[in-house]
Structure formats: structure tokens, C-alpha cells
Amino acid sequence: MGSLKGILLVALIVCYSMQVVVSQYDHEEERRAKEEDWKRRERTAEEERRHRHRSWDEDEDEDEDEEGGREPRPKLRPEPYGPGGGGKGEMFLLKDSKKVVSTQAGEMRVVKGYGGKIVESPLHIGFITMEPRSLFVPQYMDSSLILYIRRGEAKLGFIYDDKLSERKLKNGDVYRIPAGSTFYIVNTGETERLTIICSIDPSEGLGFGTFQSFFIGGGRDPVSVLAGFDPQTLSTAFNVSTGQLREFMTGQDAGPIVYADTTHAPSLWANFLKLKGEERLERLKMVAPNAGTDEPKIEQPKSSCFKNDYGWSIAVDKHEYKPLKKSGIGLYLVNLAAGSMMAPHVNPMATEYGVVLSGVGTIQVVFPNGTSAMNAEVKEGDVFWIPRYFPFCQIASRSGSFEFFGFTTSAHENRPQFLVGASSILRSMRGPEFATAFGLTEDRFYDIIDAQREAVILPSPSAAPPGDRPDSKEKETKPDERSESEGQGKKADESKGEEKKVGIEKVPKFMRSLGSEMIIGFE
């Protein structure tokens, strides 16, 4: 008996020892894997830095070759910065797209936003396409929407302060629909498709997927939320017979987007739209929640616009459009001329989501450690996002203008901090501290940061007027010539300032009041 206990004790000791060895081995393997991963990241960052400095050295050699009359050597493109590139491919392009509605009369597609540690509450981007004379049936959602009419004309119906309100929206208009508010959309065009881009904010959502629709109207497809109640309960609530109720609840099978005229097929919704406003209201109020708020005051908005010879931008926040105060979302629209760029900048207040409306361009994003996060070409229909604090810029191709529209995750005035250009941080905080940080003398530092006279939207050499193109080599100027050129430069800057003021005034007024609501229009 004693020998058996001894054997068991030895076996237990051996098992424990093996477990300790295995756990130490696993821990050591994990530690080695982390070290290897960290070393790999450091090597990648160092390679990118070497490539960058090599390309800069080649630029300097090329300048020297040109000055010496020699033919410049061909310029090699560093591998990490190839097409579609950056070091990390297309990290900030959103490609998780799903069709949530598809019928003969239209469809809705949703691009899922990024959700992770650096984004607290992601936005999703929706694309709604509706054929002429079609209807997106009455519903409410667990997420708030901001609609942007990309093409066509629409009629938006909703309950406001216990009354049916309808708004006519046209190309460029923006409207907010709060979570839980019942609405319907009609394409009022006779021949033109209606295209809508919308933000979907799931912060108030149930967590069932991207978002959840609750269809008020429906039948077999879509199924109305009324269908979940007992038939006897519903017939009593409607004060109709069960036969009438059956007809009411099974007459629709064409999907959430249906034709609203009788030329395609007799439709329950065609009859719905023929009803008078009061009758439509009664139909909707049977089960529709009322998410309306106090009547907003109509105020003369201030335009947050910028325009110069190389493009223009418009930004809208809660100060211009009060419903954005409750949504916590801002909007922007940018148009860059061929070859121009939105100067490298940072959004300190918000994450940015963008949709390319037209043209081709490049989005460059930078990691906090100064390495390239993305350098990708984008085209019409692509969706991108930029995390808060990450430096980035947008560049239009030389083949044509580049236009993009988007949303920011803050309704507060988003003041981008520009890193380059006449309104940059380097100019605002100019001093010996920055010169020392770059390892330059103050004079040399000022020469470099003052070379760009434009702000916000910058030209490329191909797009800039001849007088604004930087010379490939620096020329020495005599004091008299320098003072004369400085005087001319001041006059040019003054005239250009006047020109910019005129340009800003020429930006079309993008807000107007319509009925009791404020409509924002990008035209």
C-alpha cells in the first residue's frame, strides 16, 4: 500500500513538472513571438524611412544634375509607396458592402463602418437607389439617418408634432431622420432615378446587425410589425372584420421599395399615396412612434465655405443646421481641381467618413510613428474613413476634378489642423523651436515653410499658374530685385485675397428654409 502511494506521488510530481515546463515553454514562445512581431514592425518602419530618404537624396542628385547640365537619372518609385499602396494597402477603404433591400423598384446597399479600439461608435454608409415613381414604404429604424440627395427629386413624409409633414427634396439637399421616427420616401421623378447617400448612426440601436428596420406597412414582403399581433386583437383594434384584416395584411408582396403608380401593377401603396394628408396620417399613427421634437426656429445660417483657384470645400455642423446637434454628426463636401490637393491635415475632433462622388484621386494616411498607413487610389463610389488624429490628405488626379462628400462623428465645429500651407501649424507657431526640431537654421526653416502661398487647397505644378510654380533651382537675387519682388508679392497677395473673398461669395448659398424645417442644399 505504501509503495502504491509512493508511485502515485512520483507520478503527480512528474505531471506537475511537465505542466510547469510546458507552460514556461508556451510563455517563452509567446514572448518570442511578440519580440519578433515588434522587430518586424521596426524593420518595416526603418525600411520605409530609408526608402523615403533615398528618394529625397535622388531628388537632390537630380537637382544637382540639372544644375550641372547633366541629364537627370531616372527616378525609381520606392516599393512601399507603389500604386494602391502605402505600407498597408487599402487599410482605410471600407469594402464590407451588403445589399439589405433589393426589388424591381430599387435597392439599398450598406457599407459597414469600422468598429474597433480607435473608433468608439462607427458610422455606416447607406446607398439608396429608387426607380421613377417608386416608394420606400413607411417604416422606422433603431438608427438615425442623415439623407443626402445625390441625384433626382424626392418627397419625404414623416409625422411631426402629431401632424403629417411632407418635404420636397432635390439634388444636393440634406435631411435628418431621428431614430424611431416613422418616414417614407417617394421618388417624384417621372424618368430620373433617385440616388441617396445616407449616414446610419447605430448609437441608439438594438445591436441586431448593422441596423434594424420596423416596417409599418407590409404584407408577405416586407412583413409588417402588425403581423405579430393576434388577428382577433388587430381586428378589434382596427374595428374591422377578420376578412377585411386579412386583405389588409396580405396585399403587399413586392418588397420594401415598390412602384407607386398603377402602370406597373395595382399597388396598396399607390392607393396610399392617393389618400388625403389627414387619411395618410391616420394610417401611419395607428402604430407609428412619434419622434418629433419642438418646432425648430428658422435662423439665417452662416456659410462655412472655402474657395480658391484650385477647389472649394463646404462644412456643416450644428451651428448651421440645428438637428445635427442631436445627431452628433457633421457633413462636408469638397471639390478639388485636377492635380490639386487638400493640404495634409489632422481632424482633432472627429473620425471622418467619405464617399467619392466623381473623379479619381489618391488618399494618403499616416501612422503616428511617421510611416505610411495608406496610399491608395480611389474612384467614384469608393468609401473611405480616417481615424481621429491621423494625418491625411486627398489628391486629385491630373485627368480631372475630384469630388467627395462625407460625414464626421462630431456635430461641433470641426477645425482641421493643417500641417502644410499658408494657414498651417508650422506658420502659426513659427519660431526657433520648430527650426531646432527639424535641425535647420531659422532662416532656412522660414524659407521652406513660406514657399507655399496657398492655404487649405494647394496646387500641383501642373495645375498652378506659371507665376506660382516653384523653381527647380534656387536663384540668387540682388537686394533691389528682392525688395521689388517682395513689393509685387504683397500686391499679388492682396489682390489674391480680394479674389478669394469674391470666390467665397460666389460659392452657392447651400442652405435655405423650407416650411418649418431647415434644408441644407449642396448645389
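Results for (1) buried (at least 18 other Cβ atoms within 10 Å of the Cβ); (2) polar (S, T, N, Q); (3) under 30 Å from the mean Cα position of the chain (by Cα), shown as yes or no for each residue.
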residue: I200; (1), (2), (3): yes, no, yes
residue: T210; (1), (2), (3): yes, yes, yes
residue: V223; (1), (2), (3): no, no, no
residue: P231; (1), (2), (3): no, no, no
residue: F238; (1), (2), (3): no, no, no
residue: G243; (1), (2), (3): no, no, no
residue: P256; (1), (2), (3): yes, no, yes
residue: Y259; (1), (2), (3): yes, no, no
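Give just the number: which of (1) surrounded by fewer than 17 Cβ atoms within 10 Å (Cβ to Cβ); (2) within 21 Å of the chain's Cα centre (by Cα); (3) basic (K, R) does R398 not satisfy?
Failed condition: (2).
The conditions are (1) in contact with a strand residue (DSSP E or B) (Cβ under 9 Å, 6 or more places away or on another chain); (2) over 25 Å from W385 (Cβ atoms); (3) in a loop (DSSP other than H, G, I, E, B), and P122 fails exactly one of them. Which is it?
Every listed condition holds for P122 apart from (2).
Filter the range 447-474 down to the residues that are surrounded by 10 or more Cβ atoms within 10 Å (Cβ to Cβ) and over 35 Å from the mean Cα position of the chain (by Cα), then identify the one that is modelled with the highest pLDDT.
D447
Looking at L226, L206, L194 in this structure, which one is farther than 18 Å from M141 by Cβ and among the aliphatic types (A, V, I, L, M)?
Matching residue, one of L226, L206, L194: L194.
Take the range 214-265 and flag every residue that is under 20 Å from G157 (Cβ atoms), of a type in the set (G, A, S), out of contact with any Pro (no Cβ under 8 Å at 6 or more places or on another chain) and at pLDDT 85 or above.
S224, A254
When you scan the range 412-419, do you find a residue that is closer than 30 Å to I125 by Cα, of a type in the set (D, E) and at pLDDT below 90, even just one?
Yes: the range 412-419 contains one or more residues that are closer than 30 Å to I125 by Cα, of a type in the set (D, E) and at pLDDT below 90.
What is the residue count in the range 417-455 for residues that are under 18 Å from F392 (Cβ atoms) and touching a Pro at 6+ places or on another chain (Cβ under 8 Å)?
Looking only at that region, the number is 4.
Taking V366 and the conditions (1) under 14 Å from the mean Cα position of the chain (by Cα); (2) surrounded by 17 or more Cβ atoms within 10 Å (Cβ to Cβ); (3) not hydroxyl-bearing (S, T, Y), which numbered condition does it fall short on, given that it satisfies the others?
V366 satisfies every listed condition except (1).
Conditions (1) free of Cβ contacts under 8 Å to residues at least 40 places away in the same chain; (2) in contact with a Lys or Arg (Cβ under 9 Å, 6 or more places away or on another chain); (3) buried (at least 20 other Cβ atoms within 10 Å of the Cβ), marked per residue:
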residue: K307; (1), (2), (3): no, yes, yes
residue: A315; (1), (2), (3): no, no, no
residue: S327; (1), (2), (3): no, yes, yes
residue: L333; (1), (2), (3): no, no, yes
residue: L336; (1), (2), (3): no, no, yes
residue: M342; (1), (2), (3): no, no, yes
residue: V356; (1), (2), (3): no, yes, yes
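The values are calculated or read from the model by the stated rules, or taken from the named source; none is laboratory data. In this text the structure is predicted, and so the values were computed from the model without any measurement. All Cβ positions, even for glycine, are placed from backbone atoms using ideal geometry, and neighbour counts span all protein chains on display.
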